[in-house]
1. Could you tell me which of the residues 78, 99 is assigned by TED's automatic domain parsing to the domain that holds residue 125, free of Cβ contacts under 8 Å to residues at least 60 places away in the same chain and surrounded by fewer than 17 Cβ atoms within 10 Å (Cβ to Cβ)?
2. List every residue pair whose Cβ atoms sit under 7 Å apart, with the two residues 6 or more apart in sequence or on different chains, where the first one lies in the stretch 190-213 and is assigned by TED's automatic domain parsing to the domain that holds residue 179 and free of Cβ contacts under 8 Å to residues at least 24 places away in the same chain and the second, anywhere, is surrounded by 14 or more Cβ atoms within 10 Å (Cβ to Cβ) and of a type outside the set (Ser, Thr, Tyr).
3. Would you mind telling me which numbered condition in (1) in the same structural domain as residue 82 (by TED's automatic domain parsing); (2) over 18 Å from residue 80 (Cα atoms); (3) crowded, with 22+ Cβ neighbours inside 10 Å residue 13 fails?
Amino acid sequence: MTEQYQPRFGMIFDVDGTMWDSRAIVAGAWNRVLARFGFEPRLTAEMLTSEFGKPLDEIGVDLVPEADPEILAKMLPEWFEEEEADLRKEMPYIYDGLEEALQTLSQRCPLFIVSNAQAGYIELFLEKTGFGKYFRGFVSNGDTNLPKDGNIRLIMDRYHLTDAVYVGDTQADGDCTRRARAKFAYASYGFGETAEYDYFLESPRDLPIIISSSIFK
């Protein structure tokens, strides 16, 4: 770490639509499970665009509204198993400029990850990308059953952050960030849209502008 490292500030990242795009891989894996349970394998990457970032049970209801709750409860674990197997075989798209930005940021402040994904998803992301060296900690909805704002706040409290920026790509990310009393950096290159943000990012290459802002002075 450099002399400019200030542990009271931190940056917290979303995964899907912010650091990588796994939609096509996930859609293929989930379609196999749909077919196994007798449903039409109809999911596409585009259909997952508005779903990624939601709590897992909500995604299931949205994508398979005709499924009986008991069937859906059995389907979800199989979705995750198939998804993990495919993600271990294939590499999702990593947004251009991300690693260079993480290298720069990690020398100035601690970095963290908060996702609404299932337990183990963040660990797989870090394993596949080799980005674990840039992050101090992480937590997911599957780990805690907390909503995203609760997990953002959990990271801030656990690591004694007096101020933080959450980097995400949807309106829901921004809403959760404000409830957690953090600042929001909108990754406009991701899956969603919002007009409410503290920082606007056209690509991961814009991330270093945050560390030159007043929050770090």
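1. Numbers: 78 fails: assigned by TED's automatic domain parsing to the domain that holds residue 125.
Among 78, 99, only 99 is assigned by TED's automatic domain parsing to the domain that holds residue 125, free of Cβ contacts under 8 Å to residues at least 60 places away in the same chain and surrounded by fewer than 17 Cβ atoms within 10 Å (Cβ to Cβ).
2. 193/171; 197/174; 197/184; 197/185
3. Just one mismatch for residue 13, condition (1).
The values are calculated or read from the model by the stated rules, or taken from the named source; none is laboratory data. As the structure is a prediction and not an experimental result, all values here were calculated from the model. Note that each Cβ is placed from the backbone with ideal geometry, even for glycine, and that neighbours are counted across all protein chains shown.
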